[in-house]
Structure formats: C-alpha cells, structure tokens
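Structure first, commentary second.
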Amino acid sequence: MGLGALQHAKNHMRLGAKKRSIWIEAGVIVLLIALAVTLFVQNETKPLKQADIKIAAANLRSLSSDAGQLVQQFLDGEVTETFLRSQASLMRDKAKSTAKQMESSKADGEMELKRWQTGHLGEQLETKLAQLADGTGESAAVRIELKKLFGELKEMEDSLKQR
Amino acid sequence: MKKILEIFLGILTAMGGFVEIGELVFSLNAGAKFRYSLLWVVVLGTVGIIVYGEMCGRIAAVTEQPVFTLIRERAGYTAGLGTLIAANLVSLLTCTAEIGGLAILIKLLFGGNYFLYIVLVLVFLLVCVWFMSFQVIERVFGLLGLLMIVFVVAGVYLTQDWNGVAWGFVPSIPAVETSSDYFVYAYFVVALTSSIMLPYETYFYAAGAIEDGWNPSDITLNRIIVIIGFSLGALLSIGLILIGGSFLKPLLIEPQLPGTAALGPAIVFGKWGLIVGVLGMFFAFAGAAIENALTGAYNFAHFFGWSWGKFRPPKDAPRFNLAWIVMLLAATLIILTGVDPVQVVEYSIIFAVVILPLTYFPMLLVARDKDYMGHFANGWLADIFGWLYFVIILLAALAAIPLLIITHGGEG
Amino acid sequence: MTEGYLDMCRQVLDRQVIDSNHIPCGKVDDIEMNGNKITAILIGNGVASERMPELARAVSRKIFGDRVVRVPWSEVHVITHEIKLKSRAVDLGLDERQGWVFELINKLPLAWKK
C-alpha cells in the first residue's frame, strides 16, 4: 500500500469515480481554453478604438523617425549598406503589418477617418521602406520624404491623445 | 592568483547573463519613453538579483545541491512540478526570442534570408553547447559579451544632462503628457524589474556553482561575484537607458528592433561602433540562449533525479543532454513560425514576473532553513532583503497583468 | 544503516537516490509500507503520477509510461541528504545508460568525452 498520493482519499476511489474525475477536469480545462479563445476573438474583431489607432500611429511615427535616422547615419558613413537594407526590410514588415491592422478593421464614427488616414500613412511609409530595402530609392530623397511622413504621423498621433 | 582568476571569470559570467534581447529592448524603450526617470528601477532590480543570486549560490555551495532538487524536497511533487513547468516555459520562450534576435543580427551584418539564419543559429548553438565544456562556454561568451561595453561608452558620450541622470536614480513620478502614461510608467517599472530578475539567472548560477565544484569555503567568492558581476551587468543596462534617453528620445524613436540599438555606438564610433555593437549583442543573445536551454535541462534533471551535468560525458547523462537539445529544437520551431522575437520576449517577461514569487519563494525558505544550511543560513541582512524583495515581486506579480491590459501591451 | 528516528517525509520522500558508484538513480517517488515499517522505495512515473490530479496523471502516464522500479529497503546503504544504495544502478534497472534516449545520445560524435 502506497504512502503517497498524499491525498489519501484517492486511494479509496473506485475506478469508475476516477474516470469520471478525469472527464470533469478535462472538461474544465476545455471550457477555460474556449473562454480564452472567445475573449481573444472578440477582442480582435471589435471595432478599433481611439487608443488603438493612436498606438498604431505612434508605432509608425517611431518607425519613420528610426528609418530617417538610419538613412542619415548611412549617408554620414556610419552604417554599412547591408545594415541599411536589412534593417529597412525588417522595418518594412512592421509598417506593413500595422497598416494592414488599420485596414482590416472598422472604427466607430469620427474615428473612421483617422483610421483610414493612419492606414494610408502606414502604406506610404511601407513604400519608402521598401525602396530603402531594395536600394531603388535615392537615399537622400527618401530621407526627406521620411521626415515629411514623420511630421504627419506625429500630428496624427497628437490628435488622438486624450488629455 | 588562481582565486583572482576565478573571481574575474565568475564576474564575467554574471555580467554576460545580464543583458539579453528582452532586457535590451526594455532598457532602450525605458530611456526612449521616460528619459532617465527609470534608472532607479535598474538599481532596484539589480539589488534584487544580487540578493537572490547570493542566496542561490550560497545554497549550492553549502548543500551542494541544485535549486530544483531542494524545491521538490520542500514543496513536494505537484507544486514543484508546477514551478518546473512555469520556469521552463519562460526559459523556452526566452530562448526562442534570443534565437530570433540572433538571426536578425546576422541578417543585419550579411543580408540574406532570416529563416535560413535561424537554422544556422540553431546549428551554431548545438555545436557550441555539445563540444564546449561548461567553463569554456561561460568564459567565451562572457568575454565576448564584454563587447557590449561599447553601448555604455556610447551612452555616456551621448549624454549631456548629468543632473537629469542623477535625479533618475531617485524614485519619482515622472512628468507625463497624458494620464495613461502613468500606467505605462508603472508597466515599465514592473517589466524592467522582471527582465533583470529573470529566474533563469539564479537557477543557472546555482547549477554553475555545482558544475564548478563549489563548497562552503566558496561563500565569500560567491558574494564577491554576485555583487560585482551583477553590478557591472547593471552598468550595461544603464548604458542602454542613456542611449534611449539621450539619443532616441529627442528623435522620438521607440525601438522595436534590436538593430536600432546599434545606431547609438554607430553615431559615436562610426562603422566600427556599429559592428562591435552588433557583435556584442550577438554574444550576449547567444549566451542567453545557451543559458536558458541548459537551465531548462538542469531544472528537469534536478527535479526528476536524472544524471546531469556538463562535467559528465554526454553518454553518462543522456536524458539531461537530450533535454537541452530538445529545448533548442523547440525554441527554433517556435521562431520559425515567423513570430516577432521582440514580442515573444515581452510576453515571456510579463509571464515571468507573474510566476516570479513562485520561483523565488522556495529559495528564500531553503536559504533561511537551518536544517539545510546550518550556520550558513540567512543572517539578518539577507533575511530583511530577502523578505523585502519577496514583497516587491509579489506586488509586481499582482500588478503585471492588469497593467498589461490597461496599457494595451505596454504601448499606451 | 543507523537506527533511530527517520522522518519519512522529510528525509526519504522526494530525495535523490544514488547507487554504490554515486550514479544518480532518480528520486524516491513513493514509499512502500507494511503497517508502520518501510519495505521498499518506489521509483518511476507509475507512482510519481499518482501524486497528481486525475487528468494530469492520465496524460503523464500516456506520455511517459507507468514504469515503476521497486527497490527493497534492504538495499539502502546510507541516508545523508541522498539515499545511497548498496548495489549498482544497472543491477537494479535504474541505469540511464539503456533505452532509446541513451542509444540516441550515444550515437552522436564524442559522446564519450567529458
């Protein structure tokens, strides 16, 4: 006779009761997972709120500044070309997914316009970053355009901030 | 003379394990968002990891037993298994993120396919851990991780407002633009503390103590190493916050990619600064990946009583060796799905802070237990700090998830 | 083996078991008793899984099997912070150097080297 399962009651459980208990535990876990999945899906399909759009604008704003600084340092000879292209390519993926996020959902009321605008700016940023990644854009020119986008994104972000 | 070498190498190891991709991104963003006002958190976290690192090392030196052996003895099978699964899940996710970060770094230097580099990184790590002894791994990655010093120098060079920096070490509520930023600040306090006090650092340190054959006479060695080693590691973190606050914040850059970190050394030192920065990150991330894979294996072996240790030929500890190999393989599979490594590590750090009390409490209990430790049990200083930090991490654990939700994943 | 007071829970259960050559043999997963005398220590997932909730036990057994190794109490040599046995691991069926895990690891290059 074993000492421990330190839950002594279990020693006296009959096989039928044990089996039932497995199903109950499994059921509880499945229920919890289903709840988590439901909450997650609900959260994803909800219309975008002001905070969500602001966060997207902030991300894009940060990316545009990051890219601008990257190009500047490349033009100053502080960054290798490979680094420029690879980093731009990674940044482009980020801009792309943020822009997509803006496009895939709707927003409520007056946020609809902001959502569209932010998504549009995201696409423009993505295009510029693609040019940097492929080497098809002229770096100095792209730098200027990135600065412009930065200004627009900063404005967008500020307009969405709650006081 | 030999002791001095041992101290030096031990310090290297403690320093090296300090910075990994999560800690790097959080530190940079801490500076980029809040300038210098999170510097006190680095001190808070560092003292915490010193306190618990010292306890762990002392436990290993006195009992000559590793952490999870004692956790199972103290907490029993089921509770211990719960802790094991939680701790190893965090280590797995951390390892995943490091591998992703490494692949990104290779791509930054050489261009080419990210996914191919993930596989290359896996092979590199497998070869390193399989063929190198514990001591060689510690020393090589510790030494090469020192290249990260370029970030400290760059951070110092880029900083002008030293008055502001000094005030950053005083805990205070920062000036913020919107009220929601208070919550983001709190989130960063919690996340930064967690990234500094990640459990794998203590588990690995204790396992290393046994691999290195420590005994009670090494108690002072242990104290010197944790205090100096982790403090120097904290300097790296401070350097990153300086780069964030002095360089990135004025430009309104909040980095989500490790490559952005290298712009700091690049602007100060030019191309060589960039390359040294990337290499430093490479060895820091690689060291962290290895430490987490091995920690997972150590934890399994210590809990289930398997034969373990890099000091044994692999064939004499087959399950232990298979375990770290599986950790690396699993981490690689996860990162191959294309998840963003920075996102993975952010979530794993929050998960880590939630289970931090669970992973540290048994350590505190054992360190104070005279049955295990004899007269080496916690003195009043270790006790006070041990309990104080336990309360701190308990509060952090409770606040973490609410803060994560309120701040929309830390973004505001 | 010394006579006297032995705290089964604190000094035996969940402790590391090692053989005569100090090779690790697993942990004491359960203790077999006859009345109030210990007759054997039990090692293996078969009994370790008994200590978990039902579902976990079933899953654990499916994945890791329900092997149990019974080590008679007479085998115990010394109890310090570990339980040292009189025989070798391989004689008791507790040596890790058998089975598919060992075969796999042993095939890799330099598996014999420290």
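The values are calculated or read from the model by the stated rules, or taken from the named source; none is laboratory data. Because the structure is a prediction, the values reported are computed rather than measured. Cβ: placed from backbone, ideal geometry, glycine included. Neighbour counts: every protein chain shown.
Worth pointing out:
- Residues in the stretch A:70-120 that are in a loop (DSSP other than H, G, I, E, B) and more than 30 Å from residue A:42 (Cβ to Cβ): A:76, A:77, A:78, A:79, A:80.
- Residue B:52 of a type outside the set (A, V, I, L, M, F, W, C), under 23 Å from residue B:231 (Cβ atoms) and outside any helix (DSSP H, G or I): no
- Selected residue (criterion: nearest to residue C:29 (Cα to Cα)) from residues of the stretch A:6-31 that are modelled with pLDDT under 50 and surrounded by 11 or more Cβ atoms within 10 Å (Cβ to Cβ): A:6
- Checked against the criterion of being farther than 30 Å from residue C:82 by Cβ, in contact with a helix residue (DSSP H, G or I) (Cβ under 9 Å, 6 or more places away or on another chain) and surrounded by 24 or more Cβ atoms within 10 Å (Cβ to Cβ), the stretch B:298-306 contains not a single residue that satisfies it.
- Test: residue in the stretch B:315-325 that is surrounded by fewer than 23 Cβ atoms within 10 Å (Cβ to Cβ), over 21 Å from residue B:203 (Cβ atoms) and touching a Leu at 6+ places or on another chain (Cβ under 7 Å): no
- Any chance residue B:19 is more than 14 Å from chain C (Cβ to nearest Cβ), within 21 Å of residue B:188 (Cα to Cα) and surrounded by fewer than 24 Cβ atoms within 10 Å (Cβ to Cβ): no
- Scanning the stretch A:70-84 for residues that are surrounded by fewer than 21 Cβ atoms within 10 Å (Cβ to Cβ), under 17 Å from residue A:145 (Cα atoms) and at the interface with chain B (Cβ under 8 Å from one of its Cβ atoms) yields one hit, A:73.
- Close pairs from the stretch C:96-114: first closer than 24 Å to residue C:64 by Cβ, partner among the hydroxyl-bearing types (Ser, Thr, Tyr) and modelled with pLDDT under 90, Cβ under 9 Å, at least 6 apart: none
- Any hit, the stretch B:82-105, residues being of a type in the set (A, V, I, L, M), under 28 Å from residue B:190 (Cβ atoms) and within 14 Å of chain C (Cβ to nearest Cβ): yes
- Residue ID - nearest to the other protein chains (Cβ to nearest Cβ), chosen from residues in the stretch A:148-163 that are in a helix (DSSP H, G or I) and surrounded by fewer than 16 Cβ atoms within 10 Å (Cβ to Cβ): A:158
- Scanning the stretch B:179-224 for residues that are among the polar types (S, T, N, Q) and either in a helix (DSSP H, G or I) or in contact (Cβ under 8 Å) with a residue 24 or more places away in the chain (or both) turns up B:180, B:193, B:194, B:195, B:202, B:215, B:217, B:220, B:222.
- Helices (runs of 4 or more DSSP H) fully within the stretch B:260-352 that include at least 1 residues being within 14 Å of chain C (Cβ to nearest Cβ) and without any contact (Cβ under 8 Å) to a residue 24 or more places away in the chain: B:271-304, B:318-336.
- Residue match in the stretch B:64-74 (condition: in contact with a Cys (Cβ under 9 Å, 6 or more places away or on another chain) and touching a residue at least 24 places away in the same chain (Cβ under 8 Å)): yes
- Flag if residue A:124 is touching a Ser or Thr at 6+ places or on another chain (Cβ under 9 Å) and modelled with pLDDT of 95 or more: no
- Listed by position, the strands (runs of 3 or more DSSP E) inside the stretch C:8-112 whose residues that are within 14 Å of the chain's Cα centre (by Cα), within 18 Å of residue B:305 (Cβ to Cβ) and within 14 Å of chain A (Cβ to nearest Cβ) number at least 1 are C:24-27, C:30-34, C:37-43, C:69-72.
- Qualifying position, being farther than 30 Å from residue A:58 by Cα, more than 17 Å from the chain's Cα centre (by Cα), surrounded by fewer than 21 Cβ atoms within 10 Å (Cβ to Cβ) and not charged (D, E, K, R), among B:406, B:401, B:334, B:392: B:392
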